[in-house]
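The block underneath contains the structure these notes are about, expressed in structure tokens.
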Amino acid sequence: MVSPMMTTRLHSICMSIALCVGLLIASGCAATPPPVGGLRFANRLPVWLVNDQAQLIVPPAARGFPKLKYYFDRFFYRPVVRSMEVRSSPHAQNVNSLDEVPNSTWFTNRIGRGGLSAEEVRIGLSQVARLGKPQRLRVTGTKVGGKSPGLLYLDEQGAKYILKFDETGQPEMETGADIVAQRLLWAAGFNVPDDNVIIFRREQLVLADDAKIRDTFGNKRPMTNADLEATLALLEVQADGSYRGLASRFLPGFPIGGIAPEGTRSDDPNDVVPHQHRRELRGQYVFFSWLNHTDVKQDNTLDMYDPKAGYVTHYLVDFGKALGSLGWIESREEDGFAYSMDVKYIVTSLLTLGVWRRPWEGADGAQPSGERYLGVGRFESKEFTADGWKPAYPWEPFNHIDRFDGFWAAKIVARFRPEHIRAAVMAAQYSSKKTSDYIVRTLIERQSIVVRHWFANVSALDEFSMDGDKLCFSDLNTQHQSVVGPTETAITASLYGHTGRLRGRAVVAHSAGARFCADVGEIADYTIVRFRSKVAGAGTRTMDVHLNVGASAVPQVIGLERH
């Protein structure tokens, strides 16, 4: 029998829990920060390069892509298993003491550290842009697979390319989307192929003596000029008689299959972090949502083993379905809002007898003038939300993204200025200025939505460094006001020893631009500075910056923790 006193206590506990849950929801899930204290970081500078380039004695085996099995696993088997698991999504396991992703065979910090010029974004990896327009393309065969035709060729320097084309009736859509996404993802830090739009005429194509045609069964036969003409007959001819194609340079080494969405590659000793816990793979959710790159699957990633280097490099490939191209070409109104087979939406629609307003209603990507711009897919910003976006197929790393992964990616997205974005769009060589302007404008609008959302979830103080007895840093909300909008941030700082003993308060003063400095005095041993920042209209966020005296007796930042 439960006593009245016990009933009262249980009621009080339940009410307290309910109140706490309500407060968490109201404050945007800003949980109470943990107590200060502990020797959390070693007394050394952060690691910015991971040594995952050890030469392999035995090359990894090539793996195929069994589509039916993959889709069954992603849509059915894995969701059922996950529903029965006691799930835990630990903090990303490949970050340094500053909670950043170091350089590796997976990711290279580019615009996120040091920055890039607009011209560097326009050129990217491009050899074509550096060497000028191609003069002679020596055709060596036709591509195998895919819906649209394609050719293999060697350029005048002997580099091997695959030449792909837009689907009939959709000029400039896939070729343009590929270039825009490829340039921006390269600038962000991902490994991508050297892709370029090229405009060529029939007389530039020369059939190689050893040109071959390979069918889907792997059978080869000599390729003739009649075969070349038959391929060209399938393409759209531009008004001046030229052709538009996407030239993708072959990656160094040989392919060994795509990146598995979970676990590691067992025959690659350098692959030690489970893929679902790699921050750059989780954070792709933010980049892909910005670009509406919904064609996310293992087949659009590629591991390459280069015998000369002796290790595996991990690539993203095939971006032609970005910028809403997949939704337009395949008539998927829900592109970017639901999986191609989304049980949640199917059940909701059935239960409401179709009355329920779907998130994608009104997001048809039509331009304000009511006309469709050449080469533009289902790409809009009116209905887009940063946390409601979905790829066409489930991708396991996205099931583990947390607010810290999202903030890391959003910081990089925020560093793209309008001139960077326009440079990437200019590289796509759209024939219509209306198309270019619309894509630039929509990318900027979606950028703002993405950055505002992920910046609101954690403390946006960053870029910490010591300047004498001052700890200086940037407030990213202030630094990127052109993206997030006008903001006011109130910042306070408290100093603690590693045991958690309060040493005093630090005066925070505005320095220059978006920089602030906290006067921390003389640092003689392990010190923790706890910052509290409150953005107008949002909750208070906290973070700890850990300092110590380095080998040269100079105080240095050795780590940080966001709460």
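The values are calculated or read from the model by the stated rules, or taken from the named source; none is laboratory data. This one's a predicted model, so the numbers in the text were calculated from it and none came from an experiment. Neighbour counts run over all protein chains shown; Cβ positions are idealised from the backbone, glycine included. These accessible areas exclude ligands, DNA and RNA; they are computed on the full protein's heavy atoms, side chains included. Shrake-Rupley method; radii C 1.70, N 1.55, O 1.52, S 1.80 Å.
A 1.4 Å probe, protein heavy atoms only, puts the accessible area of residue 328 near 80 Å².
Here's the picture: a label point sits 7 Å out from the Cα of residue 67 along the beta-carbon direction, and within region 208-251 the residues with their amide nitrogen under 19 Å of it are 214-219. Multiplying the residue separation of residue 492 and residue 40 by 0.36 nm and removing their Cα-Cα distance gives an extension gain of 160.5 nm. Modelled spin labels at residue 133 and residue 552, positioned 7 Å past Cα toward Cβ, are 5.2 nm from each other. Taking amide H positions as modeled 1.01 Å from N, with prolines and chain starts lacking one, the residues under 5 Å from residue 97 and 5 or more places away or on another chain are 47. In terms of the mean number of neighbouring beta-carbon atoms within 10 Å, the peptides 278-289, 491-502 order highest first as 278-289, 491-502.
Take the Cα of residue 536, step 7 Å toward its Cβ, do the same at residue 341, and the gap between the two points is 5.1 nm. Angle of helix 403-414 to the longest C-alpha principal axis of the chain, folded into 0 to 90 degrees and rounded to 10: 60°.
Which value at 222 nm does the chain reach when only helices count, each DSSP H run of 4 or more adding -39,500 (n - 2.57), with the total divided by all residues and rounded to the nearest 500 deg cm²/dmol?
Details: 16 runs with 149 residues, N = 563.
So the helix-based figure for the chain works out to -7500 deg cm²/dmol.
Can you order the peptides 469-475, 268-274, 177-183 by their average number of other Cβ atoms within 10 Å per residue, highest first? Before the final figure, lay out each step's value.
On the way: 469-475: 20.6, 268-274: 18.0, 177-183: 28.3.
So the order, starting with the most tightly packed, is 177-183, 469-475, 268-274.
For residue 133, the lysines whose Cα comes closer than 26 Å to its Cα, not counting residues fewer than 8 places off in the same chain, are 143, 160, 164, 212, 321, 433, 434. In angstrom, the C-alpha Rg and Dmax of region 281-342 are 14.3, 46.
Rounded to the nearest 10 degrees, the inclination of helix 173-188 to the longest alpha-carbon principal axis of the chain is 40 degrees.
Using the Cβ-Cβ distance between residue 233 and residue 299 with R0 set to 35 Å, the FRET efficiency works out to roughly 0.75. The simple Förster model, with R0 at 25 Å and r as the Cβ-Cβ distance, assigns residue 308 and residue 206 a FRET efficiency of 0.30. Under 5 Å from the amide H of residue 150 lie the amide H atoms of 143, each residue being 5 or more positions distant or on a separate chain, with H modelled from the backbone and absent for Pro and chain starts. Once you sort the root eigenvalues of the Cα gyration tensor of region 54-194 as a ≥ b ≥ c, which label holds: rounded (a/c under 1.5), prolate (a/b larger than b/c) or oblate (the other case)? Oblate shape, in that a/c is at least 1.5 and b/c is the bigger or equal ratio. Projecting the Cα atoms of 311, 521, 104 onto the charge dipole of the chain, computed from C-beta unit charges around the Cα centre, puts 521 farthest toward the positive end. The slack between residue 266 and residue 159, meaning 0.36 nm per residue of separation minus the straight C-alpha distance, is 35.3 nm.
Each residue of region 304-313 is assigned a 3J(HN,Hα), and the resulting list reads 10, 9, 9, x, 5, 7, x, 9, 9, 10 Hz, derived from the Karplus form 6.51 cos²θ - 1.76 cosθ + 1.60 (θ = phi - 60°), x at Gly and Pro.
Taking only the C-alpha atoms of the chain, Rg followed by Dmax gives 26.4, 95 Å. Residues in region 454-463 carry Karplus couplings, in order, of 6, 5, 6, 8, 9, 5, 9, 7, 7, 6 Hz; the curve used is 6.51 cos²θ - 1.76 cosθ + 1.60 with θ = phi - 60°, and Gly or Pro positions show x. Working ranking of peptides 186-193, 477-484 by packing, defined as the average number of other Cβ atoms within 10 Å per residue, highest first, is 186-193, 477-484.
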